[in-house]
1. Tell me, what is the FRET efficiency for residue 242 and residue 27 to the nearest 0.05, using R0 = 30 angstrom and their Cβ-Cβ distance as r?
2. Which of rounded, prolate, oblate describes the chain, given a ≥ b ≥ c as roots of the alpha-carbon gyration tensor eigenvalues and a/c under 1.5 marking rounded, otherwise prolate only if a/b is larger than b/c?
3. Once the Cβ-Cβ distance between residue 155 and residue 93 is put in as r, and R0 is 22 Å, what FRET efficiency do you end up with, to the nearest 0.05?
4. Counting each DSSP H run of 4 or more residues in the chain as -39500 (n - 2.57), what helix-only mean residue ellipticity at 222 nm follows after dividing by all residues, to the nearest 500 deg cm²/dmol?
5. Work from the charge dipole of the chain (Cβ charges, +1 for Lys and Arg, -1 for Asp and Glu, about the Cα centre) and give the residue of 84, 141, 184 farthest towards its positive end.
6. Suppose every Lys and Arg Cβ carries +1 and every Asp and Glu Cβ carries -1, with no other charges. What dipole size does the chain come out with about its Cα centre, to the nearest 20 debye?
7. Once a ≥ b ≥ c are taken as the square roots of the eigenvalues of the Cα gyration tensor of segment 44-90, is the result rounded (a/c under 1.5), prolate (a/b larger than b/c) or oblate (a/b not larger than b/c)?
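Nothing in this text is a laboratory measurement; each read-out follows from the coordinates by a stated rule. Computed from a predicted model, the values in this text were never measured in an experiment. Cβ coordinates were reconstructed from backbone atoms using ideal geometry, including for glycine residues, and neighbour counts include every protein chain displayed.
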Amino acid sequence: MTERAPDLLALTAAEAAKVRSGEYDHVTPGEWPPGERWAARLWGDDDVDVWLISWVPERSTALHDHAGSLGALTVVDGALSERSWDGTALRERRIDAGGQAAFDRGWVHDVTRHPGAHDAASGEAAAPTLSVHAYSPPLTAMSFYEVTPGGRLRRVRTELTDHPEEPTGGRGIDALLAAARGRIDRVEPGDLEAELAAGAVLVDTRPAAQRAAEGEIEGALVIERNVLEWRLDPTSGARIPQAVDWDVRWLIMCSEGYSSSLAAAALRDIGLHRAADVAGGYKAVTAAGV
């Protein structure tokens, strides 16, 4: 294991203890979604992300790695089953409450709720199986794998994501938006003037028809969403003059502050680490009289 792995194990153990003591009761849902996995980001910074995840019967993650991130988990309640690739075959183990696992770079595994944690009569989850996960650096991508008939591991796809141990299938736009907002800054309209005075650049991504109907903000750069990354990437041949380096503070504005959150997260994915969006969008800015 690496030098970071013991730290991540200790970190997940400490956060699991906080979950058990009720410190994170405000994070967990009042009613667990039946038959669906659930996850919430407990906290994070530039070095590590910490998540609380629930597990339900028959919902595995599929074989995957964590790209360039190290990982660790501690089971809070219930039991998990982990299948991991040892270089020649898949090995399975049970991880009970209090148990831990650590994952080096390149670790390929599949995680699901252990059948022993189901209710014996119904086969359903009598109570949520919960685990705390930590990733360092924060997760940005996952590759998915299959075992070939010849017994070899083959990568089938890679996806950009900041959502850990993600199951196959769609998440829905609400989950995608929440994940995006969990890793960007959001600038309130009242703080916009100070941000601009400090050197931030306001980018209006609304389409022409919407700007014509709603109005425009003087001094804002107009870059429609479909070309945003190419215009702001300092290595792109289609960049604008203001895209001088990765440290530019881009403030993305749409009409109401929804698509701007997704756009700011996309900019962070390509390396523009200070990208943020304007909460409430153009309508909130004008309502605030900015």
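1. Calculated transfer efficiency: 0.15.
2. Prolate, because a/c is 1.5 or more and a/b exceeds b/c.
3. The computed FRET efficiency comes out at 0.45.
4. Calculated at 222 nm, the ellipticity per residue is -6000 deg cm²/dmol.
5. Working it through, the farthest residue towards the positive pole turns out to be 84.
6. It works out to roughly 740 debye.
7. oblate
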